[in-house]
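Shown next, in structure tokens, is the structure this report addresses.
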Amino acid sequence: MDLSYSDEERAFREDVRAFLAEKLPKDLSDKVKRGEELGKEGHERWHAILNDQGWLATNWPKEFGGAAWNAVQRHIFEEEAAAHHAPRIVPFGLSMLAPVLQKFGSKEQQDYWLPRILSGEDWWCQGYSEPGAGSDLASLKTTAVKDGDHYIVNGQKTWTTLGQHANMIFCLVRTDKDVKQQEGISFLLIDMDTPGITVRPIILLDGSAEVNEVFFDNVKVPAENLVGEENKGWTYAKYLLTHERTNIAGVGFSQAGLSAVKRIAKSEMAGGRPLIENPHFAARVAQAEIDLMAMATTNLRIISKAAAGQAPGVESSMLKVKGTIIRQEINDLARRAAGVYAMPFASEAVAGSNDALPDPNDAGPVAAQYFNNRKLSIFGGSNEIQRQIIAKTMLGGAK
Amino acid sequence: MNFDLTEERQMLQDSLRRFLRDKYDTATRNGILESDAGFSAEIWNGLAELGVIGALFTEEQGGFGGAGFDVTTVFEELGRAGVVEPLLDSAVLAGGLIADLGNETQQEHVEALIGGELQLAFAHGEPGSRYDLNRVTSTAAQNGSDIVLNGRKAVVANAEAADMLVVSARESGEAGDEAGISLFLVPADAKGLTVTGYALLAGGRAAEVTLDDVTLPESARLGAAGKAFDAIEARTAVATTALCAETLGAMETACTLTREYLGTRKQFGRPIGSFQALAHRMSDLLIDLEQARSAVINAAGHLADDRASRERHVSAAKNLMGRVGRLVSEDSIQMHGGIAMTQEYELAHIAKRITIADHRFGDTDHHLERFIALSAA
């Protein structure tokens, strides 16, 4: 047992820090720090900076132009990026679609689509969930019917994150209704500019417009945009979900969030003293920090296994549940800390101009973030679904 | 012992519930949320006509209620419908303070308020006061026969709409002293008064209010000089109880929506409420909802007690509502899934009302500490 990083890993961390100190634009890190939306341009700029460094596709093999980092390197980068308030890397093309194309796509698809992900030419979004297919994803109803050298797609997708910026969407569609649900699903790549596609924003309870509904009305998709084999899409989707769960614990986000809580609580006064000195509040912060310290080590234990080539199984479900509980608890602490200044609707801050915010503690839109991050325990397989996976695996067939 | 509403309160509850069911659906309310004013004058007048504002005042004060259970009957209904009109600020707080402390001339404002013709705001909290009622640093200085106010007030609800503000300021002593605080009636157009408004996350509007040599005649003082603290604390107790009742109403709606959703939403070929993991969570919410109802009854039933008993019950209620509120708000959203995160779904607004209530008049922790202190005394 040795809790220290190796010399190589420590040197790597120093490289990452130096890079972030030099190359991370201050206007972007300021926005991230204050919980503001970056906009399309902000994301694209950060992606381009990472791509120039060769650090954009950290999980891709070298043959596809990736950095081929191992799990420990990726963890170090994610930790440092969160501590420096770097924008998150939009995952849809890079860490969700790309691994599927690399494993199941044709040579032509790999040669065409992968470089466009790196260059930022394509912005991908994910067409999985439907109004009637959330936790029960396999019950999806959007259909694709073969018509000569095309598919005709009809139906609706929802919760499409940042779909308003996307020019491409990868979709799970039903190509066979007469077999077991999971056996009639295919994986299609669809150009968002095709006639018949309508994108409608969904305004969330914090006022943000990051998710969308996408409607398909007789949309013509070239047959060559089918990934792999027809009716094998469920296999590819499950493979993709294992990649969606990288950085699932969100340790870096929680660490950055906890620092923010402490900063707010040092400035906010309660009973004439800084709130951080209030024993009751201090106990809440300490409790979260103790949980986070243990979870960070759980995360590293699983990462070390993965770095040694063992695929994480049920552990990633455990990390999802614990990681989101801790992150949401830290969001709750931040809104508590802000006191009466959690009440203003910081839509101005979310939209990017925060002059109207009256908060003397510079807490940012903490209550809006608290509400927005209720999504963490809902999306990517809700925490109930994760618990079911754990129960099925560990207890054997529990229902 | 009798836990039934009196006939009058039952009628009030029925007519208010009917009015809000007819006039205050989700789409209408969301339209009000996005309006510049942040509330509807039409709804306000409707509530006044219905006698809802009058129900918050005693007969002596020109109303026909004013007891704890009158206040909680009204606010539970407002909470069920997620009403954002400023009854708490205009009527219970500012109007209540005028009714409690005002001389005959000042009392006339209460009559106008009950008739729906006047908007008020209570400007008390300051950027460094958090939830402490005694931490007033704004000053009131005598200058000949005038009084001059200076200072800043934080997150003053309804300040922009108010025709008149009830402003607290210190005439003597230090920040944190109970003695030395006075209240003043400040017209909205007073020179040196600046109101910088913004929308609130859970609906309605508030403002930062600055007082820069605001000069008033001595007749603007409400009650005796330097002796307003007891009245502020007692009024805040009524307002806190009202807010607890409002939160109870909101939690009833959250639980109703969640129960219905569990029964109708199907995944894996069956209603999701048939999964035991969700059914048990729903049961826990319903158990805690009854705890919340009792806590509100306890607070309302002891509002007329002596200070120690009144405040102890109010702090107990506010602490419990904070804890149960978090559970109900978070679990209702979680059991719904993404749909509850969307602005157009009723629960989104209701959940925000529940959570943001924890940020007014002291949060869960503040009232836990206060309960400990009051219990030791």
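The values are calculated or read from the model by the stated rules, or taken from the named source; none is laboratory data. Note that the coordinates shown come from a computational prediction; the quantities given were computed from them, not determined experimentally. Note: ideal-geometry Cβ built from the backbone for every residue, glycine included; neighbour counts use all protein chains shown.
General remarks:
- Residue check for A:Ala260: closer than 18 Å to A:Tyr341 by Cβ, aliphatic (A, V, I, L, M) and either surrounded by 22 or more Cβ atoms within 10 Å (Cβ to Cβ) or over 28 Å from the mean Cα position of the chain (by Cα) (or both): yes
- Any hit, the stretch A:218-232, residues being assigned to a strand (DSSP E or B) and either touching a helix residue (DSSP H, G or I) at 6+ places or on another chain (Cβ under 7 Å) or within 14 Å of chain B (Cβ to nearest Cβ) (or both): yes
- Picking from residues in the stretch A:151-167 that are surrounded by 21 or more Cβ atoms within 10 Å (Cβ to Cβ) and polar (S, T, N, Q), the one that is nearest to the other protein chains (Cβ to nearest Cβ) is A:Thr158.
- Complete set of residues in the stretch B:42-83 that are of a type outside the set (S, T, N, Q), assigned to a loop (DSSP other than H, G, I, E, B) and under 14 Å from B:Ala99 (Cβ atoms): B:Ile53, B:Phe57, B:Glu59, B:Glu60, B:Gly62, B:Gly63, B:Phe64, B:Gly65, B:Gly66, B:Ala67
- All of A:Leu241, A:Leu205 fail the test of being away from chain B (no Cβ under 14 Å) and either more than 22 Å from the chain's Cα centre (by Cα) or in contact (Cβ under 8 Å) with a residue 12 or more places away in the chain (or both), apart from A:Leu241.
So that you can scan it fast, the table gives a plain yes or no per residue for (1) more than 21 Å from B:Asp363 (Cα to Cα); (2) within 14 Å of chain A (Cβ to nearest Cβ); (3) in contact (Cβ under 8 Å) with a residue 12 or more places away in the chain:
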position	(1), (2), (3)
B:Leu165	yes, no, yes
B:Glu174	yes, yes, no
B:Pro187	yes, no, yes
B:Tyr198	yes, yes, no
B:Ala234	no, no, yes
B:Ala245	no, no, yes
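- Scanning the stretch B:200-222 for residues that are closer than 22 Å to B:Glu104 by Cβ and either small (Gly, Ala, Ser) or in contact with a Pro (Cβ under 8 Å, 6 or more places away or on another chain) (or both), we see that the one that is nearest to the other protein chains (Cβ to nearest Cβ) is B:Ala220.
- Given (1) modelled with pLDDT of 95 or more; (2) in a loop (DSSP other than H, G, I, E, B), index of the condition A:Ser353 fails: (1)
- When B:Ala245 is tested against the conditions (1) in the same structural domain as B:Tyr131 (by the TED database); (2) within 16 Å of B:Phe75 (Cα to Cα), the lone failure is (1).
- Scanning the stretch A:131-154 for residues that are under 16 Å from A:Leu189 (Cβ atoms) and either out of contact with any helix residue (DSSP H, G or I) (no Cβ under 9 Å at 6 or more places or on another chain) or modelled with pLDDT under 95 (or both) yields A:Thr142, A:Ala144, A:Ile152, A:Val153.
- Residue that is surrounded by the most Cβ atoms within 10 Å (Cβ to Cβ), among those in the stretch B:333-350 that are assigned to a helix (DSSP H, G or I) and more than 7 Å from chain A (Cβ to nearest Cβ): B:Ile350
- In the stretch A:118-150, the residue that is surrounded by the most Cβ atoms within 10 Å (Cβ to Cβ) out of those that are more than 14 Å from chain B (Cβ to nearest Cβ) and farther than 20 Å from A:Val221 by Cα is A:Leu118.
- For the stretch B:45-61, the candidate set comprises residues that are surrounded by fewer than 21 Cβ atoms within 10 Å (Cβ to Cβ) and in contact with a Ser or Thr (Cβ under 9 Å, 6 or more places away or on another chain); within that set, the residue that is farthest from B:Leu303 (Cα to Cα) is B:Gly46.
- The lone criterion from (1) surrounded by 23 or more Cβ atoms within 10 Å (Cβ to Cβ); (2) in contact with a helix residue (DSSP H, G or I) (Cβ under 6 Å, 6 or more places away or on another chain); (3) modelled with pLDDT of 80 or more left unmet by A:Ala346 is number (3).
- Residues that are of a type in the set (S, T, N, Q) and farther than 12 Å from A:Gly120 by Cβ within the stretch A:8-65 comprise A:Ser29, A:Gln53, A:Thr58, A:Asn59, listed in sequence order.
- Complete set of residues in the stretch A:21-48 that are assigned to a helix (DSSP H, G or I) and under 18 Å from A:Pro365 (Cβ atoms): A:Asp27, A:Leu28, A:Ser29, A:Asp30, A:Lys31, A:Val32, A:Lys33, A:Gly39, A:Gly42
- Residue match in the stretch B:311-328 (condition: surrounded by fewer than 19 Cβ atoms within 10 Å (Cβ to Cβ), part of a helix (DSSP H, G or I), at pLDDT 95 or above and facing chain A (nearest Cβ under 9 Å)): yes
A quick yes/no check of all residues on (1) assigned by TED's automatic domain parsing to the domain that holds A:Ser304; (2) of a type in the set (Phe, Trp, Tyr); (3) modelled with pLDDT of 95 or more:
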position: A:Ile76; (1), (2), (3): no, no, no
position: A:Ala83; (1), (2), (3): no, no, no
position: A:Leu101; (1), (2), (3): no, no, yes
position: A:Phe104; (1), (2), (3): no, yes, yes
position: A:Gln110; (1), (2), (3): no, no, yes
position: A:Pro115; (1), (2), (3): no, no, yes
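- Some residue of the stretch A:323-343 being within 11 Å of another protein chain (Cβ to nearest Cβ), modelled with pLDDT under 95, crowded, with 21+ Cβ neighbours inside 10 Å and not in a helix (DSSP H, G or I): yes
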